[in-house]
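Participant: First, the structure itself, so that you have it in front of you.
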Amino acid sequence: MRSSDRKIILGKLGKPHGLKGFLYIKYFGDDPKSLLNYSEIYSHESSLGIVDKIDNLKNRTIIHISGINNRNSAELLRDKEIYVLEHQLPGLDNEEVYFYQLENLIVKNKQDDILGLVDYIMPTGANDVIVVKPYKDSIDKKERLIPYLRPEIVENIDLEERRIIVIWPSDY
């Protein structure tokens, strides 16, 4: 089991906006306003503080972090990835998982063929896609792109056993 202090990436800060410490952000989740719910956010190196304001400008999101009150301070955060600690994430319903929990899980099909390991989840317009990379026990050396459709394709996710069962042919 992983430590509860594992950092989970939520986005990447961009250039400053204006003179009062706001920054553009590329948020990797669904709703950037959820950043307001965290008691603290982090960079790779240290705590950054609390996100206290979020706004949308021309289809882009800007945030303000407490204590960052001018453009020069904001500039120091440009291009930094932001994180929260794993224990800060909201709880999920029984069948739900966070995508980061799927990384490096073994992917098997219904015929018990090992297709590879989950490399990452790629968002697309229609549905997310599991990018499966080959590894030493895979049936071949192919990278596979498998739609993340539950339960039609992704039949079962077992985090304890570290595996995903998919309805997917080995020759596809």
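The values are calculated or read from the model by the stated rules, or taken from the named source; none is laboratory data. What you are looking at is a predicted structure, and each value in this text was computed from that prediction instead of being measured. With ideal geometry, Cβ positions are generated from the backbone for all residues, glycine too; neighbour counts draw on all protein chains shown.
Participant: Among the candidates 5, 31, 52, single out the residue that is touching a Ser or Thr at 6+ places or on another chain (Cβ under 7 Å), on the phi < 0 side of the Ramachandran plot and surrounded by fewer than 18 Cβ atoms within 10 Å (Cβ to Cβ).
Facilitator: 52
Participant: Which residues, taken from the stretch 120-149, are closer than 20 Å to residue 27 by Cβ and at pLDDT 95 or above?
Facilitator: Answer for the stretch 120-149, where residues must be closer than 20 Å to residue 27 by Cβ and at pLDDT 95 or above: 129, 148.
Participant: Any chance you could count how many residues in the stretch 1-58 are β-branched (Val, Ile, Thr) and free of Cβ contacts under 8 Å to residues at least 40 places away in the same chain?
Facilitator: Total satisfying the criteria: 3.
Participant: For the stretch 33-54, how many residues meet the condition of being over 19 Å from residue 79 (Cα atoms) and acidic (Asp, Glu)?
Facilitator: 1
Participant: Starting from residues that are closer than 14 Å to residue 147 by Cβ and either modelled with pLDDT under 95 or among the hydrophobic types (A, V, I, L, M, F, W, C) (or both), keep the ones in the stretch 101-119 and report whichever is surrounded by the fewest Cβ atoms within 10 Å (Cβ to Cβ).
Facilitator: Among those that are closer than 14 Å to residue 147 by Cβ and either modelled with pLDDT under 95 or among the hydrophobic types (A, V, I, L, M, F, W, C) (or both), it is 102.
Participant: Considering every residue within the stretch 55-64, establish whether at least one is modelled with pLDDT under 95 and closer than 17 Å to residue 159 by Cα.
Facilitator: no
Participant: Based on what the data block shows, is residue 172 touching a strand residue (DSSP E or B) at 6+ places or on another chain (Cβ under 8 Å), farther than 22 Å from residue 8 by Cβ and surrounded by fewer than 17 Cβ atoms within 10 Å (Cβ to Cβ)?
Facilitator: Details: touching a strand residue (DSSP E or B) at 6+ places or on another chain (Cβ under 8 Å): yes; farther than 22 Å from residue 8 by Cβ: yes; surrounded by fewer than 17 Cβ atoms within 10 Å (Cβ to Cβ): yes.
So residue 172 passes the test.
Let's see how each residue does on (1) out of contact with any helix residue (DSSP H, G or I) (no Cβ under 8 Å at 6 or more places or on another chain); (2) basic (Lys, Arg):
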site: 36; (1), (2): yes, no
site: 39; (1), (2): no, no
site: 47; (1), (2): yes, no
site: 55; (1), (2): yes, no
site: 58; (1), (2): yes, yes
site: 61; (1), (2): no, no
site: 68; (1), (2): no, no
site: 81; (1), (2): yes, no
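Participant: Right, next: Hey, residue 48 hits all of (1) in a loop (DSSP other than H, G, I, E, B); (2) within 13 Å of residue 83 (Cβ to Cβ) but one; which does it fall short on?
Facilitator: Single failed check for residue 48: (1).
Participant: Given the conditions (1) within 28 Å of residue 12 (Cβ to Cβ); (2) in contact with a Leu (Cβ under 9 Å, 6 or more places away or on another chain); (3) surrounded by fewer than 17 Cβ atoms within 10 Å (Cβ to Cβ), and given that residue 90 satisfies all but one, which numbered condition is not satisfied?
Facilitator: Condition (2) is where residue 90 drops out.
Participant: For residues that are basic (Lys, Arg) and in a loop (DSSP other than H, G, I, E, B), scanning just the stretch 69-89, find the one that is farthest from residue 49 (Cα to Cα).
Facilitator: The qualifying residue farthest from residue 49 (Cα to Cα) is 78.
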